[in-house]
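Okay, structure first, notes after.
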Amino acid sequence: MIDTKNETINERVDSLLSKMTIEEKVGQMNQYNGFWDVTGPVPEEGTAKTKFEHLKKGWVGSMLNVRGTENVKEVQRIAVEETRLGIPLIIGFDVIHGYKTLSPIPLAEAASWDLEAIEKSARIAAIEASASGINWTFAPMVDISRDARWGRVMEGAGEDPYLGSKIAKARVKGFQGDDLSKNNTIAACAKHFAAYGFSESGKEYNTVDIGTSTLHNLVLPPFKAAVDSDVKTIMNSFNELNGVPVTASKYLQRDILKEKWGFNGFVISDWASINEIISWGHAENKREAAKLASTAGSDMDMEGYVYVRELAKLVEDGVIKEEILDDAVRRILRVKFELGLFDDPYKYCDEENEKQNIGNKSHHDAVLDVAKKSIVLLKNKNNLLPLKKKGQKIALIGPLADEKNSPLGSWRLGSDDNTAISVLEGMQQYKENTLVFEKGLDLVEGNTAFTQQVNINNTDRSKIKEAIAAAKNADVVVMVLGEHGFQSGEGRSRTELDLPGLQQELLEEVYKANKNIVLVLNNGRPLTIEWADANIPTIVEAWQLGSQSGNAIANVLYGDYNPSGKLPMTFPRNVGQVPIYYNYKSTGRPNKESHVFWSHYIDSENTPLYPFGHGLSYTSFEYSNFKIHGEKFSINDEIKVTVDLKNSGEYDGKEVVQLYIRDLFGSTTRPVRELKGFELVPLKKGESKTIEFKLTRKELGFFDNQGNYIVEPGKFKVFVGGSSTTKLELDFELTE
Ligand code: BGC
């Protein structure tokens, strides 16, 4: 069947391309930052004057950080009405976890394992952003990372490629919807291609040197899932990979992405990452950087001023072929056509739509729903939670307890400061208890418009005594501690993963006064809370949950929502264990010995504090009747696995049933466990259900060191349960 829609677009693209000068082609490959928000260092050329001049000449194909219908209309008008060909701009923005109404940070949302809720959250973000003139988001970030020191783990889906791939797909679908030409769907961008999450020692923008197995089995799968979901754009990254800055990597961008995977959207550089090829020591100057990046398949230059300055000359001098420009421009124009920008360049600029569709009640209800689902109950000794709703004296303590800014998290330029519901406000809704609030410690603002920096007090102990007094008088103490929303995110790597500032001291002092503590963590990454785990009876991981944060937390504390989240990233005991992850390799000396010559530390357990997939509920779940259906299987069979799940506790609840496999002997060694299936199962109190999984070639194979997907016959184990450490296991064997 002929795809008439696409054919028309391709024809329109070719016809337009044939009219374009080299300068105009280069213009399409050039993206400028707007005049307001700045999300990276601005090059010298980056003045408003240059931008306006270039816009008018048709030398700009896209802008980022322009928002609001009025502003977008203004720049779009110049592109459409004042340039020779009138090609509309594509308007990009970091819509990472919502636009004005904020969902939980992406790492938190990943903890919901609820693909429907995640898709919906992206849908709402797209509705709000598009109503504000934006038609392209720089999301989802699909970087797998095993290193909690890296500040950007808050932006991703955690450590696992299987979960990460499912979430990548849900987010792309949420942003792009079923029809990109509607005015409330926007183009998505899977980033950062590739391996940025493996920055050495978790240090931001650092070197990445990983092997082919890690690249193909861990890093690339979520990008492939995004491409298979028809993601329209891919952003490359700041890091080098095995000696080549990825912006200049032909292997990644042309060989894998565009040729092997058949990606037909376009690649945008990261902010000035084409320039950074020079600082990496891979290109001597901008001319060479432009040559390397364009040849390698970076189609658009984000705020780098390299393409606009160098590319036309490179073509005229015969150094690069005009086909390189044609290929890039075709890709860019195609996305613009698909978005319907040529039919109506102002389709995202309807002021009425902007008024009605941003920050409305239904969006707040939806982000509250996903916020509740993102909370993980790490520990609940003596069932301190859920809290009783009447007759209790509750002391609410902590520098983050009344915070209305921190819960919004990092990456939320479209939202307004101090608009989150705080935990204090959430808990005040439960009026039949007595609530006393003491901050204990202050936040220290080092805040400037862009390099937002906030620390938690590490010198002033003056408020700790009031916190202790409040705790002494309370039946239960709820402490809200962790990281401020601006202590994770881009440029916020940490060498310690403890509670910043004097929070550990505050926690220990309050504990001396009252041991009935519910510790609510707000943070953008796994933390090392070994002392808290050993001493504090109840710990709730509540991340940074966005606009409705405090309501979500209060609902969970009071049992109006039974927590169902599971960790998408391992929590280490200490920083020395990092990187730590559930899908590790056995090593040659895995077993505990009476001597020292086995794979371990002499000063720490090997095990994490909380494993990947861990999360408790107020109810309990029983697994039974775990079965593999059939005895012998060949590599092309579908293997049916079932298990019965019973809600055996006192509350209705939800369990994320997880399935892991282990391929026992491989031509390259396989991890001790790999997630290959999961289902979020709601069960009423007393109810049971049989859960079924299917294992096929897609789940049973892996990528060899040449990047080929293979399935090998041999012995396997399959595990089922409520976390990556489940003990329920069965064996099976695959033959040719
Ligand atoms: C980040 C990208 C982001 C871009 C534009 C860069 O610093 O790495 O993820 O999309 O800025 O704001």
Of those in segment 277-289 that are in contact (Cβ under 8 Å) with a residue 12 or more places away in the chain and either buried (at least 24 other Cβ atoms within 10 Å of the Cβ) or more than 16 Å from the ligand (Cβ to nearest atom) (or both), the residue farthest from Gln31 (Cα to Cα) is His282
Just one listed residue, out of Val231, Val208, Val267, Val246, is within 16 Å of the ligand (Cβ to nearest atom), in contact (Cβ under 8 Å) with a residue 40 or more places away in the chain, more than 22 Å from Leu325 (Cβ to Cβ) and outside the structural domain of Thr668 (by TED's automatic domain parsing), and it is Val231
Could you tell me whether Gly588 is modelled with pLDDT of 95 or more, part of a loop (DSSP other than H, G, I, E, B) and farther than 23 Å from Asp160 by Cβ? yes
From the option list Val66, Val95, Val153, single residue qualifying as touching a residue at least 12 places away in the same chain (Cβ under 8 Å) and not in a loop (DSSP other than H, G, I, E, B) is Val153
Test: Val518 is farther than 23 Å from Val578 by Cα, outside any helix (DSSP H, G or I), of a type outside the set (Ser, Thr, Tyr) and within 29 Å of the chain's Cα centre (by Cα): yes
Please find, among Leu333, Leu292, Leu311, the residue that is away from the ligand (no atom under 16 Å from the Cβ), outside any loop (DSSP other than H, G, I, E, B) and closer than 20 Å to Ile9 by Cβ. Leu333
Do we have Gly202 as in contact (Cβ under 8 Å) with a residue 40 or more places away in the chain and in contact with a Ser or Thr (Cβ under 6 Å, 6 or more places away or on another chain) here? yes
For segment 363-414, how many residues are over 18 Å from the mean Cα position of the chain (by Cα) and assigned to a loop (DSSP other than H, G, I, E, B)? 17
Checked against (1) part of a strand (DSSP E or B); (2) more than 12 Å from Leu675 (Cα to Cα), Phe719 satisfies every condition except (2)
What do you reckon, is Leu292 surrounded by fewer than 24 Cβ atoms within 10 Å (Cβ to Cβ), touching a strand residue (DSSP E or B) at 6+ places or on another chain (Cβ under 9 Å) and either of a type outside the set (Ser, Thr, Tyr) or more than 23 Å from Lys336 (Cβ to Cβ) (or both)? yes
Under the condition of being surrounded by 12 or more Cβ atoms within 10 Å (Cβ to Cβ) and over 23 Å from Arg77 (Cα atoms), which residue from segment 32-44 is farthest from the ligand (Cβ to nearest atom)? Pro43
Taking segment 103-145, which residues are of a type in the set (D, E, K, R), away from the ligand (no atom under 16 Å from the Cβ) and either surrounded by 24 or more Cβ atoms within 10 Å (Cβ to Cβ) or without any contact (Cβ under 8 Å) to a residue 60 or more places away in the chain (or both)? Glu109, Glu116, Glu119, Arg123, Glu128
What strands (runs of 3 or more DSSP E) lie completely within segment 433-490 and have 1 or more residues being farther than 20 Å from Gln504 by Cβ and modelled with pLDDT under 95? 443-445
Could you please give the count of residues in segment 467-482 that are of a type outside the set (Val, Ile, Thr) and either crowded, with 22+ Cβ neighbours inside 10 Å or in contact with an Asp or Glu (Cβ under 7 Å, 6 or more places away or on another chain) (or both)? 7
Assuming Leu645 fulfils every condition listed in (1) surrounded by 15 or more Cβ atoms within 10 Å (Cβ to Cβ); (2) farther than 26 Å from Leu734 by Cα; (3) within 29 Å of the chain's Cα centre (by Cα) apart from one, which condition is it? (3)
Could we say that Trp59 is touching a Gly at 6+ places or on another chain (Cβ under 7 Å), of a type in the set (Phe, Trp, Tyr) and either farther than 24 Å from Arg334 by Cα or not in a strand (DSSP E or B) (or both) here? yes
Candidate set from segment 90-102 (those that are more than 16 Å from the ligand (Cβ to nearest atom) and crowded, with 24+ Cβ neighbours inside 10 Å); member that is nearest to the chain's Cα centre (by Cα): Leu102
Determine if segment 195-208 includes at least one residue that is under 29 Å from Ser279 (Cβ atoms) and among the acidic types (Asp, Glu). yes
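The values are calculated or read from the model by the stated rules, or taken from the named source; none is laboratory data. For clarity, every value in this text was computed on a predicted model and none was experimentally measured. No Cβ is skipped: glycine too gets one built from the backbone with ideal geometry, and neighbour counts run over all protein chains shown.
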